[in-house]
Amino acid sequence: MVQSLKSKKHTSKLHAGRNKGHIPIGSLSSSSDTPYQNHSWKSMYHLPPTGEITLEQFEEYSFQRLKLLKMIDTWKARNISGKALQDNIIEESNKIFDLRIAQDLDHCEPDWISHHILRLAFAKNEQLKQWFLTTECALFESRLMYDSSQDSYIDILQRNGIIAERVSVEEKRKLESPLSKMFTKYYFHLQYQQKENTENDGPILVTHKSHSNMERFNVEDTLVFKVDFVSVLQLVGNRSVYIQNGKAYLFLHDLTSLIKQHYRANLAVALAKIQSLYPEYLKEEEKDRLLPFLRDVIPAASEGKSLFSNTTSFMSTGEVKPEQIDALSKQSFPLCMRVLYKELKEKHHLKHYGRMQFGLFLKGIGLKLEDALQFWKDHFTADNTMTSDSFDKQYAYNIRHNYGKEGKKTNYSPYGCTKIINNPEYVCPFKVFKPEELRNEIRSYGGGSSFDEKEVQEVVDLAKDHHYQLACRRFFELSHGIQKKANNMQLIDKEDDGVPFSHPNSYFSKSVKWLREKNSAHSAQPAAASSSSDQEPATATDLNETNSMQDE
């Protein structure tokens, strides 16, 4: 199924061995025997890609789709639903795939290619697979509802071999009474839109263009289809269809549930097949090249890294001095790092994993090696339970090792949220703290700033629902005084895409930049403010003039 995908230029250092420029996935270019319509989302991504693509395209397509899926997950977690969710998804999808009009999606190969790349990447374990299945179904459903014309629905049925027999006028006459009753109920729901429930694949009832002017069942004009009732069990369970002799009778909009159920079932089967055959699913000669990419694409994307970059984007180009850390912790540290720093100050010690997590974070924000050695020594010897010599013998080597100066001389990067959340030895307060403990920690952030209790509870509730990164994002908005918009996400700045932070250092960088720009906006020196706007994302060296803001 997976064909060889050759790189036109550029090779990745991730893939050793011969033919390094070859990356296998499937088709990226149309062939004479593969019509365009089979490459459309309306064909439910049935055919795998075959062709060639550059490594840059391979990375870009997969990361862009993953970004879209993460945004969908974020919107749903924020209880954005119905038409608002549909509009958000369609708008962002068009942006990501650079579509002038929505209809261009029918022939959008990056959409088709990226779906298959992520299929392979997410089929490896059950948790990833279920997340991918849920978010992809939400994406498919929004597109389906956006293009909900009769012609579009029938086109999708035909492309995918979904059997839905159109009921004749004669049969409709025989069943006019029960169908008329069902239609009255159906039309009522069309006029009074019901809340969407994509998690359990429940029906989504919205006003349909084709029926907007119809108020009663018409034997001649009202479209009715019949299918095996097992094809629409969710509608049967909701008593939304009329059943006779094992057949369920559907109106045009009911086809949404039929198509959705077919897509979900087929995608689930495809993912299960990939998982069961992994890595036998791949051609033998492609394993050495493809498996490393698929193994790395998810954690790399989750932590905001480029697979083809030698350095992490979270290493600051600025410099932080030890004496600045306390003020920075009150203003710009994510909650996980503030908790670790508070423990270090109180106990004058951190266990190994805490030192790794916090130490690499400090390295990432710009704390140089010599300053790091002094910072840790000052804290570990502050209560006189450890001498300077003892510290040097027990801990200095590990600090130098983290900076790539000892052992294999690996230049370690700060840990991202995925690594922290999935490792019980590391600290994510939104995951490990009990609700009341988390609530108190939030209240104490920023030197006792007064937060709205409803907003604090919102953060706690997100954490209770296992939306840890979204809770962190919401906490950022709360602690920085960024007001939440109704039924939507408040963007922090013009570069913000609304997706939760995936890295503590990203949180820090965004906070410092936001505080710098806020301070510049209130400054009496507009020239200085304008000159700073084109600089690199701020680090602690930009915060000297904003430190006084911590007590505002």
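The values are calculated or read from the model by the stated rules, or taken from the named source; none is laboratory data. Here the structure is a predicted model, which means the values were calculated and not measured. Here the Cβ is made from the backbone with ideal geometry for all residues, glycine too, and neighbour counts use every protein chain on show.
One table, with the values for the structure above:
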| read-out | value |
| --- | --- |
| Meets criteria (free of Cβ contacts under 8 Å to residues at least 24 places away in the same chain and in the same structural domain as S506 (by TED's automatic domain parsing)) for P424 | yes |
| Filter result (part of a loop (DSSP other than H, G, I, E, B) and over 25 Å from E477 (Cβ atoms)) within the range 42-84 | M44, Y45, H46, L47, P48, P49, T50, G51, E52, I53, T54 |
| Residue under evaluation K408, criteria (1) more than 26 Å from A327 (Cα to Cα); (2) of a type outside the set (G, A, S); (3) at pLDDT 90 or above; (4) in a loop (DSSP other than H, G, I, E, B), criterion not met | (3) |
| All helices (runs of 4 or more DSSP H) inside the range 106-169 with 3 or more residues being touching a residue at least 40 places away in the same chain (Cβ under 8 Å), over 18 Å from the mean Cα position of the chain (by Cα) and surrounded by fewer than 18 Cβ atoms within 10 Å (Cβ to Cβ) | 150-159 |
| Any hit, the range 260-268, residues being surrounded by 20 or more Cβ atoms within 10 Å (Cβ to Cβ) and modelled with pLDDT under 90 | no |
| Selection from the range 409-447 of residues that are of a type in the set (S, T, Y) and either more than 21 Å from M356 (Cβ to Cβ) or in contact with a strand residue (DSSP E or B) (Cβ under 8 Å, 6 or more places away or on another chain) (or both) | S444, Y445 |
| Among the residues listed as R400, R473, the single one being more than 30 Å from K377 (Cα to Cα), at pLDDT 90 or above and of a type in the set (D, E, K, R) | R473 |
| Criterion: surrounded by 18 or more Cβ atoms within 10 Å (Cβ to Cβ), closer than 19 Å to M337 by Cβ and of a type in the set (S, T, N, Q) - qualifying residue of N402, N398, N423 | N402 |
| Spans of helices (runs of 4 or more DSSP H) in the range 281-348 with at least 2 residues modelled with pLDDT under 70 and under 30 Å from the mean Cα position of the chain (by Cα) | 287-302 |
| Matching residues in the range 375-384 - criterion: being in contact with a His (Cβ under 9 Å, 6 or more places away or on another chain) and in a helix (DSSP H, G or I) | H379, F380 |
| Subset tally (residues that are surrounded by fewer than 17 Cβ atoms within 10 Å (Cβ to Cβ) and within 14 Å of E165 (Cα to Cα)) for the range 228-242 | 1 |
| All positions within the range 48-67 that are buried (at least 21 other Cβ atoms within 10 Å of the Cβ) and farther than 14 Å from F293 by Cβ | P49, R65 |
| Members of the range 349-374 found to be outside any helix (DSSP H, G or I) and within 23 Å of K518 (Cβ to Cβ), listed by number | G366 |
